[in-house]
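Since the structure comes first, as structure tokens, the remarks are kept for the end.
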Amino acid sequence: MHNLGQAASWQGVAHSYTESVEKDHGRIELRRCWAFSQLECLSNPQQWPDLKMFGVIEVERTLEGKTSLERRFYLGSIAAEAETLAHAVRAHWSIENCLHWSLDVSLNDDQMRARARNAGANLALVRRLVLNLFRLDTSARKGGIRTRRILAASSDAYRQALLGLTEI
């Protein structure tokens, strides 16, 4: 169960543990999570106000016969419960991945090369605003965000409707 090498040294330390296995897209992911409430082992834990736990999440991925291992460490103000930590981390990355995938696929975000002063940050803000406008669009038009982007670029009426200036 606890087949992380360090897990043996954690036997005497109070902690919670959870693991899950996912098989999707041709890969197998084994996720292990440990959560600890004993903060004395940290160097200077009082530097983090409201610190209640630290945790370790290990992800072992097997794809096409190759296995990789990634280990991340977390500090938190939530209860030291492994299931809660594992869920919070997965939820965060799910939202993050969904947003970045949408920005890249729909708005070609990875192709943007603005480098002057604040141009990159300003354009990123505008792209997120546009993405949200497309998602809020309730018109009967068919198609995804990419189609709506093309419509907005080519139709004054659609563009004005997206901005709430007129109805389609």
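When the accessible area of the range 17-82 is split by element with a 1.4 Å probe, what percent falls to carbon and sulfur?
49
For a label point 7 angstrom out from the Cα of Leu75 toward its Cβ, which stretches of the range 32-47 have the backbone nitrogen within less than 17 Å?
Of the residues in the range 32-47, 35-47 have backbone N under 17 Å from the label point off Leu75.
The values are calculated or read from the model by the stated rules, or taken from the named source; none is laboratory data. Bear in mind that the values here come from a model prediction, so they are computed numbers and not experimental data. Methodologically, a virtual Cβ is constructed for each residue, glycine included, from the backbone with ideal geometry; neighbour enumeration extends over all protein chains shown. Side chains are part of the model used for accessible areas, which takes the heavy atoms of the whole protein and leaves out ligands, DNA and RNA. Shrake-Rupley method; radii C 1.70, N 1.55, O 1.52, S 1.80 Å.
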